[in-house]
1. What number of residues within segment 300-347 are outside any loop (DSSP other than H, G, I, E, B), under 16 Å from GLY261 (Cα atoms) and away from the ligand (no atom under 16 Å from the Cβ)?
2. Assuming ASN226 fulfils every condition listed in (1) over 27 Å from LYS14 (Cα atoms); (2) free of Cβ contacts under 8 Å to residues at least 60 places away in the same chain; (3) more than 16 Å from the ligand (Cβ to nearest atom); (4) not hydroxyl-bearing (Ser, Thr, Tyr) apart from one, which condition is it?
3. Filter segment 269-301 down to the residues that are in contact with a Cys (Cβ under 7 Å, 6 or more places away or on another chain) and surrounded by fewer than 18 Cβ atoms within 10 Å (Cβ to Cβ) and list them by number.
4. Pairs only if they're at least six apart or on different chains, beta carbon under 6 angstrom, first in segment 336-358 and at pLDDT below 90, second among the β-branched types (Val, Ile, Thr); list them, first residue then second.
5. Which of (1) buried (at least 20 other Cβ atoms within 10 Å of the Cβ); (2) within 13 Å of the chain's Cα centre (by Cα) does ARG258 not meet, given it meets every other one?
6. Hey, among the residues in segment 106-134 that are touching an Asp or Glu at 6+ places or on another chain (Cβ under 8 Å) and at negative phi, which one's surrounded by the fewest Cβ atoms within 10 Å (Cβ to Cβ)?
7. Among (1) modelled with pLDDT under 95; (2) over 13 Å from the mean Cα position of the chain (by Cα); (3) β-branched (Val, Ile, Thr); (4) outside any loop (DSSP other than H, G, I, E, B), where does VAL275 come up short?
8. If I ask for residues that are within 16 Å of the ligand (Cβ to nearest atom) and either over 17 Å from LYS351 (Cβ atoms) or not in a strand (DSSP E or B) (or both), which ones from segment 283-299 would you list?
Amino acid sequence: MEKKTRAVKIGGVKIGAGFPVAVQSMTNTRTSDVKSTLAQIKRLEECGCEIVRCSVPDMDSAAAVLKIKRKIKIPLTADIHYDYRLAIEAIKNGADKIRINPGNIGSAEKVRLVVEAAKKARVPVRIGVNAGSLKPKTTYRLKASSGDKTADKMVQNLLEYIEFFEWLDFTDIVVSLKASDVPVTIMAHRLYSRLKDYPVHIGITEAGTELSGTIKSSVGLGILLNEGIGDTMRVSLTAEPEKEVYTAYRILDTLGIRKRGVEIISCPTCARTEVDVIRLAGQVEKMTINTAAVLKVAVMGCSVNGIGEAGHADIGVCGGKKIGIIFKSGKIVKKAAKKELLKYFDREIKKLIREKGK
Ligand code: SF4
């Protein structure tokens with residue numbers, strides 16, 4: 001059951017109110033290094049990232065927002081900690097959204113100045129509450145409980161900030177409740193979504209390396225999305241940002257929420273395996289990671305069972321001792337020597353994408 005949230009516009013992307021869950025990522029270049037940041041955002045755009053967040057830790061980075069904004073297609077969120085002047089400068093330079101944790105901006109007056117600047121520029125603000133940096137005391141009286149003390153505190157902090165923003169007559173709000181603990185994150189979101197309807201940015205913070213981060217995010221974000229919670233998402237990984245986007249789409253695809261890109265199905269290998277499937281699947285994943293077309297691609301370890309087991313795939317490749325097989329919807333389309341297999345497979349995938357595009 002989708003939780004009803006209100007719509008918020010981030011540049012040209014609308015979230016909340018039933019709009020598709022927007023996939024975002026974050027650059028890991030120095031934002032002040034415009035050239036490297038632009039190159040990374042271009043790569044993110046190519047793999048389907050819909051909103052990009054850049055850290056703005058200093059005035060050079062805030063100034064860089066202006067130059068970056070001119071050359072990118074997707075909306076840019078400026079991530080600010082501690083210094084309210086950076087937020088105001090980033091807004092002035094065209095940031096499409098600001099992310100702050102009001103708790104570390106300092107006085108209420110400084111937060112007010114950021115909110116006033118955002119209001120004037122019609123830029124939404126994400127109130128980002130993090131379990132690791134909660135205010136020890138809040139004035140907000142929580143009338144319900146999530147069942148967990150930390151989750152309660154997170155929501156309490158958030159509602160206090162929301163109340164302040166509303167008092168300033170500002171409702172162009174996105175919220176986030178992040179913790180590295182998955183059950184705490186889930187409990188906090190469940191409680192919040194019973195109480196308020198500002199759209200939610202979901203993510204598991206400090207999720208970890210590619211493998212453990214993917215597991216944590218898939219479980220945490222998967223549960224939330226399945227309950228209809230989450231209007232935009234970021235998968236945090238200690239890996240290239242493109243992998244975050246890929247993983248986010250895979251989570252959405254697995255839940256049947258949004259489809260984009262290639263789903264790789266590969267066999268677990270067994271005594272019949274005639275090719276290094278782990279390596280081959282890795283190569284195929286690399287080859288197709290930026291593909292927007294919705295395709296099921298199989299990588300199988302033998303020709304005896306491979307085609308039969310992956311007959312439902314749009315296209316697949318089966319290893320062989322010397323000769324490999326490429327098949328489409330269960331029918332063989334090409335046999336090729338092992339060392340040329342990938343070259344032909346790439347050609348066949350491109351052909352299929354062209355045909356699908358017609
Ligand atoms: S496709 Fe072949 S190699 Fe892979 S698990 Fe099935 S039988 Fe084994």
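The values are calculated or read from the model by the stated rules, or taken from the named source; none is laboratory data. Worth saying up front: this structure is predicted, and the values here are computed from it rather than measured. With ideal geometry, Cβ positions are generated from the backbone for all residues, glycine too; neighbour counts draw on all protein chains shown.
1. Adding up the residues that qualify gives 1.
2. ASN226 satisfies all of (1) over 27 Å from LYS14 (Cα atoms); (2) free of Cβ contacts under 8 Å to residues at least 60 places away in the same chain; (3) more than 16 Å from the ligand (Cβ to nearest atom); (4) not hydroxyl-bearing (Ser, Thr, Tyr) except (1).
3. If the condition is that a residue be in contact with a Cys (Cβ under 7 Å, 6 or more places away or on another chain) and surrounded by fewer than 18 Cβ atoms within 10 Å (Cβ to Cβ), then ARG272, THR273, ILE289, ASN290 are the ones that fit.
4. none
5. Among (1) buried (at least 20 other Cβ atoms within 10 Å of the Cβ); (2) within 13 Å of the chain's Cα centre (by Cα), the lone unmet condition for ARG258 is (1).
6. The selected residue is LYS119.
7. (4)
8. Across segment 283-299, the qualifying residues are VAL284, VAL299.
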